[in-house]
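Presented below is the structure to which this report refers.
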Amino acid sequence: MAVSELRQAHQPWQTLNQKSQALLSAYPQVCNEGLHSLTLPDNIHLHLLIGDAVEGLNAIKQCLHPNFDVFNRLVNAWYLDGFAPAKNPEMWQDELFQAMATLSQINATLATFTVAGVVKQGLQKAGFSLEKRTGFGRKR
């Protein structure tokens with residue numbers, strides 16, 4: 001997502017303007033493939049992995065990304081935005097879920113809009129427990 005698109009997406013939530021501005025200031029001007037590490041107020045560290053999810057997470061596991069110290073910065077929150085498994089089947093595989101489990105802190109949270117069975121089963125197989133929550137708009 002380009003900075004201009006992110007800015008537009010934030011417009012409906014003016015009450016979050018201060019946090020939005022902090023994110024927009026730290027956001028990469030060009031989102032090339034790779035790991036982008038952003039430091040935000042309130043001790044928030046956001047790592048955006050752009051590219052093949054499995055390859056990127058495996059590289060992180062092997063400490064190949066110099067911006068991500070796997071031993072000190074295990075993930076405490078995930079957001080998966082990879083479209084539905086029918087549209088992007090190469091992303092939603094057991095290797096991805098296992099890499100996420102390996103990199104997750106105890107009690108890490110995960111959010112995604114997909115409710116496809118392959119995703120739910122893969123996450124559970126990797127050790128995640130699932131809870132269905134109310135979505136936004138028409139999303140379940």
So which residues in segment 1-41 are within 28 Å of Ala59 (Cα to Cα), at pLDDT 90 or above and surrounded by fewer than 10 Cβ atoms within 10 Å (Cβ to Cβ), if there are any at all? none
Near pairs, Cβ below 7 angstrom, 6+ apart or cross-chain, from segment 85-101 (of a type in the set (Gly, Ala, Ser)) to any residue that is part of a helix (DSSP H, G or I): Ala99/Val54; Ala99/Leu57; Ala99/Asn58; Ala99/Lys61
Within segment 88-140, take every residue that is under 17 Å from the mean Cα position of the chain (by Cα) and among the acidic types (Asp, Glu) and give me the one that is farthest from Asp52 (Cα to Cα). Asp94
Residues to consider are Ala99, Ala59, Ala108; find the one that is at pLDDT below 85, outside any loop (DSSP other than H, G, I, E, B) and farther than 25 Å from Arg7 by Cα. Ala59
Check whether at least one residue in segment 70-81 is touching a His at 6+ places or on another chain (Cβ under 9 Å), modelled with pLDDT of 90 or more and either polar (S, T, N, Q) or open to solvent by 50 Å² or more (accessible area, probe 1.4 Å) (or both), and report yes or no. no
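The values are calculated or read from the model by the stated rules, or taken from the named source; none is laboratory data. Source: prediction; values computed, not measured. Cβ: placed from backbone, ideal geometry, glycine included. Neighbour counts: every protein chain shown. Note: areas computed on protein heavy atoms with side chains; ligands, DNA, RNA excluded. Shrake-Rupley method; radii C 1.70, N 1.55, O 1.52, S 1.80 Å.
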